[in-house]
């Protein structure tokens, strides 16, 4: 009978005629009369057909989301009992290696006292197509003899039969996957009394994905006992720089108890509800900073450790191993301290904890020094509870900067309140660099002609050369105006180092060594600095320091981070000393952070230049309430909303529109979605490497979407997500790209939103001797570029999307993260993800279908197409221009070696701003907040 239906399946005309015949017969019979199965998808009467439909199209099936499973009256217990094939194990699908056969028996049991007609069994909606088959005998194993293999018959359906009372029918469902990823199917049982469907999930793996499987099932970590410290035994503080005292000490800025109690009771202070205005500026932002600091306190508790041991290190120190320290979670540096005490079963235990100062940090271990009696009483093997603290220095700097705005001109804080529009007479210049375009030259001329407040803005979308423009302006001022004193600030050490490198690389204007200074935080490791840059730094005993005031005042150009700029206040640098202050990547700093160099150093005639892009990632803020009430909006973004700037008035802002980084097709969507279709692609793509990339189905289109249905999982007590199937596909793509030597490992970057996926990929690449390939979050890639960017989206489960949206995690529902992610690639952008999940976001949905429309989609079947906005509202494609005029090579564009986003870059002073952000991953469990 099986061969008969296979014959029908392969002979469409005959099958159609037979289908018509069966439909006529069915009009004249009762359901129990007919024993012929619908093996070729004929439509039955409405009361008899499965909701799956004629073609068996049910779309995406999510094993972790019951709502996505199309099931017609499922019967868990009833007169006919059908087993579940390939049942989930600990909530996860079973797996099989690609190329091997997985088989599972299905039993159909008639528990009644009457015979029951089984009209047919059929496989619907296999994904990939035809990947599952049915048989009445067990599939032969790989070592079976040839006779057994020849006698084995399989099909996508089985004939009808009658189940006698109490009879058990056993059949076999098998799958031999050809590619990795989730394989799904629905087995439909058509009974005279019911229609029952069993949904099947099977994960096809290779050696790499299998090696990355969870070592232990995920369990939420137990809630730790609250470790409060009201009093303690003081530890031994590290020796600080000798003979140094600051002229101005930072106030303590302790959090007022009434504000703390108000916020901890979930009440919003009146000043926050009132909103920001000229009268309440300092009070408003100080309140938001208190909200932020309370969140930092709460977050830091998650790092507390229970029942851990300390090891004696020599005669002076005890060491503590801190998991995650190498990733700076928590971020601990020299001079920080912890508290340790013996565990107690009693809540009212009044034993004082001991304070231990950190004297050295090595990989995942810190060397501590407590009070002498603690060391004397310690025996290796003792267990302690440990409470971490964060260093308040940077928070105190923010409070002080906000306080100092009381001395700042109102037009700096609220440009729209200016009595009259300013008119800048731009100063013509002879360009130092021959690679500048018209907008860049014009913005520099306006900066040279600017006489003071309010700030001048260089609005620079990705790859438009903001840093190059700043460097040219600095060199023009240095060469033509001997009286200028210039401060340049960036949000991270790596971004500041990048500016220094660009200044030094311009040979036309040689900056004197004694007139250029790079200010580093004392906590920045000496070995972190490029040896070629050391001569521009000040240090003692390999510890960076701020030079005395007399030395500071002699430098004409000083480069610093935003946070380290507070040292100018401490050293007593007078307001107005700097004639020009340049703030690079200003969209990434919170407004109080921006105020550190401005409120303490600006006068009315100080020229302030902000460079950045408010459409990319903004400040890292931990308190959700503080973020939505204003702390999450940068100073650049806030003033850009003023009419003076939003109107594009050239006396206030210049927008750079020529992109020299990306291939024009990579740039198309971000240009239309975020920049009004104004970006002009100027990268020369002649002689492109893409012609030799064999994995591209369309050699003219450098964006490839590879659809794969894996599944996202967690392991142990780590709440971060990973998708090992996607990780394996990423490695496969990397191998194909590097095999033909079209790309080097240095050319490739991998972006993924979850820390655990980053770690899994790094581990795999290191094992394959490919450690050079950079893997990181979007935040870690902002300000960088790579010839090839591979994006692993991770998410493959519907129900976790809402959690991600609520906490601004992952890629979905964060347009700025999308914008940054897809604009890091120079020549080739590859997205690896589940199209059914990613298409739920309007931005990723557009990217997915743009790839599909350009024959640049591979992998699992696409979801049903949906549009979130009217396409007519977007600029026409022919509005997007390509220009060969004045093209620049990628090396001329801003491309920091490390992220200019993360506050812990370079392990400098910014790393004191702890704990690290969880904005880019599901760092906590589902119960977080």
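Structure notes:
- Distance (nanometres) between label positions extended 7 Å along Cα→Cβ at residue 90 and residue 377: 4.1 nm
- For segment 305-462: span of alpha carbons on each principal axis (Å, largest first): 74, 39, 26
- FRET efficiency, 1/(1 + (r/R0)^6) with R0 35 Å, evaluated for residue 350 and residue 316 via beta carbons: 0.75
- Cβ-to-Cβ counts within 10 Å put 329, 524 in ascending order as 329, 524, the fewest first.
- In the frame of its principal axes, segment 463-502 has Cα extents of 28, 21, 14 Å, reported largest first.
- When each of the peptides 788-794, 766-772, 464-470 is scored by the mean number of other C-beta atoms lying within 10 Å of its residues, the order from highest to lowest reads 788-794, 464-470, 766-772.
- Ordered from longest to shortest, the equivalent ellipsoid semi-axes for segment 417-659 are 26, 22, 17 Å, each the square root of 5 times a Cα gyration tensor eigenvalue.
- Using only Cα coordinates, the Kirkwood hydrodynamic radius of segment 593-706 works out to 17.7 Å.
- Calculated on alpha-carbon atoms, Rg and Dmax of segment 429-510 in Å: 12.5, 33
- For peptides 570-578, 777-785, 677-685, sequence by mean Cβ density within 10 Å, most packed first: 777-785, 677-685, 570-578
- Fewest-first sequence of 759, 542 by Cβ atoms within 10 Å of each Cβ: 542, 759
Values quoted throughout were computed directly from the atomic coordinates according to the rules given, and no laboratory measurement underlies them. Bear in mind the structure is a predicted one, so any value in this text is a computation, not a measurement. Backbone-built Cβ (ideal geometry, glycine too); neighbour counts: all protein chains shown.
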